[in-house]
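Novice: Sharing a structure with you now.
Laboratory data are not the source of any read-out in this text; all were calculated from the coordinates shown. On a predicted model such as this, the values are computed, not experimentally measured, just so you know. Note: ideal-geometry Cβ built from the backbone for every residue, glycine included; neighbour counts use all protein chains shown.
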Amino acid sequence: MKSTEGTFQSVWTLGEQRDGRISPVSYELLAWGRDLADKRGTTLASVILGYNLKDRVNTLIEHGADIIYVVDNPALEHAYPDAHAAVLEKLVREFLPEIFIASATTYGRTIMPVLAAKLETGLTADCTGLDIDPETGLLIQTRPAIGGNVMATIKTPKHRPQMSTVRPRSRKPLASDASRKGQVIVRECPDDAYASKVKFLEFIKDETTALPIQEAEIVVSGGKGLKDAKNFQMVHELADLLGASVGASRQAVDLGWIPYSHQVGLSGKTVSPHLYVCAGVSGAVQHIAGMSSADIVVAINNDPDAPIFRVCDFGIVGDAIEIIPILIEKLQSQKATSPK
Amino acid sequence: MRIAVLVKQVPSTDKVKMDEETGTMVRSAMDAELNPLDLYAVEEAVRAKEKTEETEITVISMGPPAAASAIKEAIAMGCDKGVLLSDKVFSGADTWATARTLSSAIEKIGPYDLIFAGERATDGETGQVGPSVAAQLDMPVLTYVSKIREVNGARIVVERAVEGGHEVVEASLPALVSVVKEINEPRIPTLKGKIRAKQTEVPVMTAQDVGLDAAHAGLLGSPTRVVKVFYPSLSRNGTIVDGRDPERAVNALVQFLKDKALV
């Protein structure tokens with residue numbers, strides 16, 4: 001849509017749910033949205049589609065939304081991209097939001113490009129920074145490319161809504177305030193909007209209870225320096241102790257020590273935990289691309305010239321196979337004596 | 001079955017060098033290659049062809065003339081032919097304009113029963129072009145596909161790798177499927193494949209050929225504008241300790257973690 005097609009106002013966030021429960025990323029998005037709406041002097045609305053969730057959406061108001069648009073229909077229970085995008089398109093064309101942001105989850109990264117294509121507007125992927133240009137009032141979107149080696153600032157000058165997906169966990173939700181008041185608007189759509197060419201069959205839950213690495217607060221990664229699959233077990237042990245998820249370099253994955261879903265780097269996952277510990281990872285640029293936005297980086301590697309040491313906050317030049325067991329032991333005794 | 005695979009040529013990742021001073025990636029002197037995550041899409045297309053009789057695979061890419069070599073990499077792996085969308089007016093396209101160009105070409109040279117794409121390109125890393133193409137062609141999109149359970153001329157059953165597990169869904173064809181790395185292990189092209197790729201001519205289509213107005217292509221047709229590009233310094237100047245005395249080194253690390261309230 002062209003900006004001249006109507007009066008676009010208010011900031012929208014796309015809420016997420018699974019099985020009728022609102023996902024935490026929905027609250028993170030409201031923290032981003034609240035800032036933008038306040039800077040623009042406008043309202044913040046959260047849109048959420050699903051089934052059997054009408055009665056649970058008040059938490060979105062408690063976390064910063066002024067208005068909730070809910071479309072509650074059995075056809076929306078699963079995240080069918082065609083149906084969800086069609087319903088969202090109807091809402092956008094009716095209420096004309098100026099800015100519409102979603103989380104860069106598998107849901108957001110699927111629905112938003114479909115919606116942007118239908119609305120003929122711009123969409124900026126996986127932003128790590130959002131702001132309002134004080135002069136033009138435009139949304140300023142900052143995103144990393146090539147694994148964070150390049151940062152780009154992007155605007156959508158003439159199309160509306162200005163749409164972005166935002167990297168999950170890049171922001172803490174606002175504190176919940178039960179006294180906040182807001183409006184809940186429940187909408188129905190014409191039947192054709194709910195039609196989907198996709199059919200849900202089943203959900204196979206991951207057996208592991210550990211968080212996926214992209215969502216983890218702490219990630220412990222292992223690389224080729226661990227020499228074999230047996231030594232790689234140390235990484236799991238250390239991760240368990242720290243309550244961390246396990247990551248790996250590409251080499252460790254290629255050697256079959258751990259599945260691909262744990263690979264950190266340019267052709268794997270991008271992680272942004274509070275603490276990133278890596279053992280026996282030399283830090284090829286492709287790996288660093290996937291973890292450089294971690295708050296604190298600890299590296300253990302036997303090569304003093306390994307590039308990982310340039311991007312770490314604390315490094316030990318030594319054999320990870322020797323160091324890790326000592327670290328595990330010390331952390332265990334620390335835990336045993338700690339008052340908590 | 002008629003299959004299309006959407007691919008992109010990207011700067012070669014294994015030749016990337018790091019600037020010692022700034023800790024950033026040196027982009028000059030980088031060779032170009034087929035986007036590594038597209039290899040999985042190409043492999044899955046070739047596997048579908050091996051299982052289904054009378055299947056033809058067309059590789060489609062938008063890019064400069066040199067991007068023909070990325071298409072040839074895919075042909076060497078077993079795709080039948082390729083089309084390169086190349087025109088000066090295509091340059092500077094964002095994901096929306098790229099998808100518009102690709103979908104316009106598909107409307108000309110298609111239809112296809114199944115369109116494959118990689119999860120994302122390793123340079124732009126948006127992952128938006130696949131879903132956007134599907135939307136513009138009005139077909140369902142299945143993203144993050146980690147397994148194809150079943151495919152025939154009318155329907156496809158896939159597993160999608162999503163947060164916390166795998167979602168099994170079915171879709172009617174035509175559909176666009178974007179795949180993740182865990183779906184397969186891409187084959188190495190055979191010598192025969194390489195020779196065939198070398199001998200295969202990759203026709204070029206311009207904006208006019210795909211029936212696209214210049215106003216809808218490239219930078220001109222892009223709703224988004226990159227207003228600034230900058231290179232963040234990755235260097236952290238951390239504390240580095242000698243691990244030859246492991247006890248001492250680990251004590252220092254534990255102290256560091258304590259100071260940061262991490263343990």
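Novice: Test of understanding: express the Cα radius of gyration of the range A:51-95 as a ratio to 2.2 N^0.38 Å, with N the residue count.
Specialist: Its radius of gyration relative to the 2.2 N^0.38 Å reference: 1.24.
Novice: Mean shadow of the range A:3-194, computed from the convex hull of its alpha carbons, in nm²?
Specialist: If I average the Cα hull's projected area over directions, I get 10.3 nm².
Novice: To continue, here is another question. With a cut-off of 15 Å, note down the residues of the range A:85-110 whose backbone N falls inside the zone around a label point 7 Å from the Cα of A:PHE203 toward its beta carbon.
Specialist: So the set is A:106-108.
Novice: With labels modelled as points extended 7 Å from the Cα through the Cβ direction, what inter-label distance (nm, one decimal) is found for B:SER235 paired with A:THR4?
Specialist: Between B:SER235 and A:THR4, the label points sit 5.0 nm apart.
Novice: Related question: Taking the 0 to 90 degree range and rounding to the nearest ten, how far is the long axis of helix B:95-109 tilted relative to the main principal axis of chain B, both from C-alpha atoms?
Specialist: Computed tilt is about 30 degrees.
Novice: When the C-alpha atoms of the range A:174-279 are aligned to their principal axes, what extent does each axis show, in angstrom, from largest down?
Specialist: For the range A:174-279, the Cα extents along the three principal axes come out at 59, 42, 26 Å.
Novice: What is the average number of partner chain Cβ atoms found within 10 Å of a Cβ in A:267-276?
Specialist: 2
Novice: Related question: Among B:ILE57, B:ILE195, B:ILE148, whose mean-square fluctuation peaks in a Gaussian network model of chain B (Cα, cutoff 10 Å)?
Specialist: B:ILE195
Novice: If you take the Cα atoms of the range A:1-72, find Rg, then find the Kirkwood Rh from the mean of 1/r over all pairs, what is Rg/Rh?
Specialist: 1.01
Novice: Would you mind checking the radius of gyration and Dmax of the range A:73-133 based on alpha-carbon positions, in Å?
Specialist: Expressed in Å, the Cα Rg and Dmax of the range A:73-133 come to 12.1, 40.
Novice: Springs between alpha-carbon pairs under 10 angstrom, Gaussian network model over chain A: which of A:ILE140, A:ILE22, A:ILE323 fluctuates most?
Specialist: Between A:ILE140, A:ILE22, A:ILE323, it is A:ILE323 that shows the largest mean-square fluctuation.
Novice: Long-range amide H contacts for A:TYR69: which residues qualify at under 5 Å (H placed 1.01 Å from N, peptide plane, sequence gap of 5 or more or a different chain)?
Specialist: Result for A:TYR69 returns A:SER46, A:VAL47, A:ILE48, A:ILE185.
Novice: Using the alpha-carbon atoms, what tilt in degrees (0 to 90, nearest 10) does helix A:81-95 show relative to the longest principal axis of chain A?
Specialist: For helix A:81-95, the angle is close to 50 degrees.
Novice: Using only the C-alpha atoms of the range A:140-202, find the volume of their convex hull and express it per residue in Å³.
Specialist: 284 Å³
Novice: Further, regarding this structure: Other chains' Cβ within 10 Å of B:118-125 residues: what's the mean?
Specialist: Other-chain Cβ atoms within 10 Å of each residue's Cβ, averaged: 5.
Novice: Distance in nm between label sites at B:ALA215 and B:ARG248, each 7 Å beyond Cα in the beta-carbon direction?
Specialist: 7.4 nm
Novice: Same structure, new question: Note the per residue figure in Å³ for the convex hull of the C-alpha positions in the range A:285-340.
Specialist: Spread over its residues, the Cα hull of the range A:285-340 gives 99 Å³ apiece.
Novice: Subtract the Cα-Cα distance of A:LYS90 and A:ASP305 from 0.36 nm times their separation in residues, and report this length gain in nm to one decimal.
Specialist: Between A:LYS90 and A:ASP305, full extension yields 71.7 nm more.
Novice: Scale the Cα Rg of the range B:125-263 by the rule-of-thumb value 2.2 N^0.38 Å and send over the ratio, two decimals.
Specialist: Dividing the Cα Rg of the range B:125-263 by 2.2 N^0.38 Å gives 1.75.
Novice: Going out from 0 in 10 Å bins, what whole percent of all Cα-Cα distances in the range A:204-340 drops into each bin?
Specialist: 14, 47, 33, 6, 0
Novice: Determine Rg/Rh for the range B:2-216; Rg is computed over alpha-carbon atoms and Rh is the Kirkwood hydrodynamic estimate from the same atoms.
Specialist: 0.96
Novice: Now a separate question. Rg and Dmax of the protein assembly as shown over Cα atoms: what are they, in angstrom?
Specialist: Calculated on Cα positions, Rg and Dmax stand at 24.2, 74 Å.
Novice: Turning to a different aspect of this structure: What average number of partner chain Cβ atoms lie no more than 10 Å from the Cβ of the residues making up A:151-158?
Specialist: Shielding by partners across A:151-158 averages 5.
Novice: Please report, to one decimal in angstroms, the Kirkwood hydrodynamic radius of chain A built from all distinct Cα-Cα pairs.
Specialist: After inverting the mean inverse Cα-Cα distance, the result is 21.7 Å.
Novice: Given the options B:ARG160, B:ARG225, B:ARG196, which has the most mean-square fluctuation in a GNM of chain B, springs set between C-alpha atoms less than 10 angstrom apart?
Specialist: Result for chain B, Cα springs under 10 Å: B:ARG225 fluctuates most.
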